[in-house]
1. Positive end of the charge dipole of the range A:319-372 (Lys, Arg +1 and Asp, Glu -1 on Cβ, about the Cα centre): tell me which of A:369, A:341, A:320 has its Cα farthest that way.
2. So, in Å, what gap is there between the alpha-carbon centers of the range A:186-200 and the range B:162-195?
3. For the range B:1-68 and the range A:4-63, what is the separation of their C-alpha centers, rounded to whole Å?
4. Residue A:227's amide H: which non-local residues (gap 5+, or another chain) put their own amide H closer than 5 Å, with H modeled 1.01 Å from N in plane and none for Pro or chain starts?
5. Output needed: percent of Cα pairs per 10 Å distance bin for chain B, bins running from 0 to the one holding the longest distance.
6. Beyond 20 Å, what percent of the Cα pairs of the range B:215-328 remain?
7. Determine the shielding of peptide B:351-357 by partner chains: average, over its residues, the number of Cβ atoms on other chains within 10 angstrom of each Cβ.
8. Under the definition of partner shielding as Cβ atoms of other protein chains within 10 Å of a residue Cβ, what is the mean value for peptide B:384-392?
There are 2 protein chains.
Amino acid sequence: MSRKTNLEINAPRLWGDIHETAKFGATPKGGVKRLTLGPEDKQVRDWFRTACEKAGCTVYVDALGTMFAMRPGRDMSKPPIGLGSHLDTQPTGGKFDGILGTLAALEVIRTLNDAGIETDTPLCIVNWTNEEGSRFAPAMMASATYAGEYTTADVQSRRDADGITVAKALDKIGYRGEEPVGQRKFGGFVELHIEQGPLLEAENKTIGVVDLGQGIIWYDGVITGFASHAGTTPMPLRKDALAALSEVVLAVEGLAKKYGPEAVGTVGEAIIVNPSRNVIPGDLTFTMEFRSPSSATLDLLHGGIQKAVSEISARRHVTVELVQIWRKEPTVFDRNFVDTIEESTRKLGYAYRRITSGAGHDACNLNAVMPAAMIFVPCKDGISHNELEDATQADCTAGANVLLHTVLKLAGVAGDPA
Amino acid sequence: MSRKTNLEINAPRLWGDIHETAKFGATPKGGVKRLTLGPEDKQVRDWFRTACEKAGCTVYVDALGTMFAMRPGRDMSKPPIGLGSHLDTQPTGGKFDGILGTLAALEVIRTLNDAGIETDTPLCIVNWTNEEGSRFAPAMMASATYAGEYTTADVQSRRDADGITVAKALDKIGYRGEEPVGQRKFGGFVELHIEQGPLLEAENKTIGVVDLGQGIIWYDGVITGFASHAGTTPMPLRKDALAALSEVVLAVEGLAKKYGPEAVGTVGEAIIVNPSRNVIPGDLTFTMEFRSPSSATLDLLHGGIQKAVSEISARRHVTVELVQIWRKEPTVFDRNFVDTIEESTRKLGYAYRRITSGAGHDACNLNAVMPAAMIFVPCKDGISHNELEDATQADCTAGANVLLHTVLKLAGVAGDPA
């Protein structure tokens, strides 16, 4: 075995960093509130910049505030292997979502420093701006702009609930960088993240080797029935918008199960207009989504719900408007990167499974313009975006070790056989 | 035929009064906003008092502002026959709900005056305070207090959204009377009202002879599932509160249809706690009601939904709390009064049907302490509590004529055979 096979990250140091940075925006219930580009985000960014510089990296910032910490490699003509995630959180978020992947990337660099290892290809830790999307829409805006989905000017003009633009928020914390978004090229990107779902825990696996990211269709819906007196309107004469929605909700559920196990469908929001205890709901709005790792399945789900909705609206004499507002095709992560993660995991002896990412991640956006893949570790009860979000030190360590060995393999070590 | 059989009310005069009083609180869309005990209610009350006095009545006011306009009869030892309804409206109400019954009662008196008819039993027009319940809860508070359901002091202390008590509101418009609530006894009460439902119009009937008032059960519900990520939580592991509610809504509908045609069931309000497009609804609150003219059917509906809810909550691993917050037994209107209305309708040659009142009315409260019954006339598309509320002059006239002849029969005319 070569010396790099035995290498392990410094588990207490990573765990310490996770808890150290959790102070920036700590909530009373043990979570983190660190909205992108706010004062707590500035605190963690400053901490991160200092830590990266202490680890020998040079930190660059692009025009959307994304931070790139470069560690030189033997062959500076090669584009770096990127590793990282994001440091912003949901309004009542946890200590691990995004943070684990970013701080594990830092820990990988420190481990290489301690071992005196120089990689062939340079490495670059990335902290992507606004992954969460809680303060500014859309989520993952910096990586999407990097991948060419939006222009920098468009995204800089997006406003938060108080009317503050991204540009103004960047300037306020001093993180509007000079570097054009997308200019810095990578040889690929690897992101470690908590699963945010229950599968690894349920199956007692330490590592998820993420080979797919679900495609998503988002819909906005409006149901127009007729609001009338709950006491005087006989059942057969009703045009009850809530009863119609109930059938839509169950149709969404039925379709997702039909195309399971990986397809999911959800009605997340439903608002009755002018609700009253003794009035039949006449008007309501709702949002709906389907996700699947297969584009063909997304088509079937889309067709299925259209059919169900027309049947429901005709039978109930209500109108149901269903507008598709967004469709994102499934992500098929780079096969070589995925295999490399699997190989590293197997060599390290961790129990693992291939897994589909149900949530969106920066790596999904990046996969469109470079080879990318992800490593998942379990989180307690599958809970994230919640102050209860939790992960074990052992699992975080394992994930960081897989990240280390994946990066070593991808970047190559001077003198070691590839 | 005796001279009273031919008697008809003055249709243009009644129609004129309806449109005259609609000016007090007129809305731009042709409706009326006349919240109980507000300035517009004072205007219509003053108008009504003057009109009743001009018609030879003496007007008394009780401690909750209910107005009693007494027309003497031949035998003043007998308690009067009451006739009337209410002059307050919903915030965006119409010109007919309550108003038709009150102004038709005035028209009946004027018609008797014009014909020089003295009844054996005195007559008393009543304008009940706060039937609508929009400004102060509960609805129908004055007739309920009259019938002994509440104390006057309790109701006088109820507050509107601005914190103003009923007592203060009464004083402000000068309608807190001296007369104790419930002191004035009646031989019975007849109330003319628009149907507020679609049946008469659908069946082309002019008159509804109301023999029953639906009983009501109101429930408050809470569903506790688990809010989790819409992308990462597989369908079988979800605890989706909205999907559970959907089954509850359809169970309510199914039960009401099963015990139809007169039973109805409605989920009127449903609020997801912290809704988000990509979060499975974890918690929601809702309200639910059943109505039926049969107490036994109410029991079956109650039992049926309990059973459905336990099945749904067990299968979906969510908790559903369903708390019965109110039960009002069905109203069985006085058989003699109902028969008298039917007989008058038949003699006048109007198409009619027996009908159940789906809405609550002051007459339902009064039926507990005196013989009472109601006359319905159609309203356009069954719409009420809406500025679009409408009724034809012909139907309003027909209803007032039925009221006239019913009252003549119940009160007796000096010299005519009973």
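Every read-out reported here was derived from the displayed coordinates using simple, explicitly stated rules and does not represent laboratory data. Because the structure is a prediction, the values reported are computed rather than measured. As a convention, Cβ positions derive from the backbone with ideal geometry for all residues, glycine included, and neighbour counts pool all protein chains shown.
1. Going by the Cα projections, it comes out as A:341.
2. 69
3. Centre-to-centre (Cα) distance: 74 Å.
4. Here the answer is A:282, since their amide H atoms fall under 5 Å of that of residue A:227.
5. Over chain B, the share of Cα pairs per 10 Å bin runs 5, 21, 28, 23, 13, 6, 3, 1, 0 percent.
6. On the way: 2608 of 6441 pairs.
Distances greater than 20 Å cover 40 percent of the Cα pairs.
7. Working: counts 0, 0, 0, 0, 1, 2, 2.
Average per residue, whole number: 1.
8. 1
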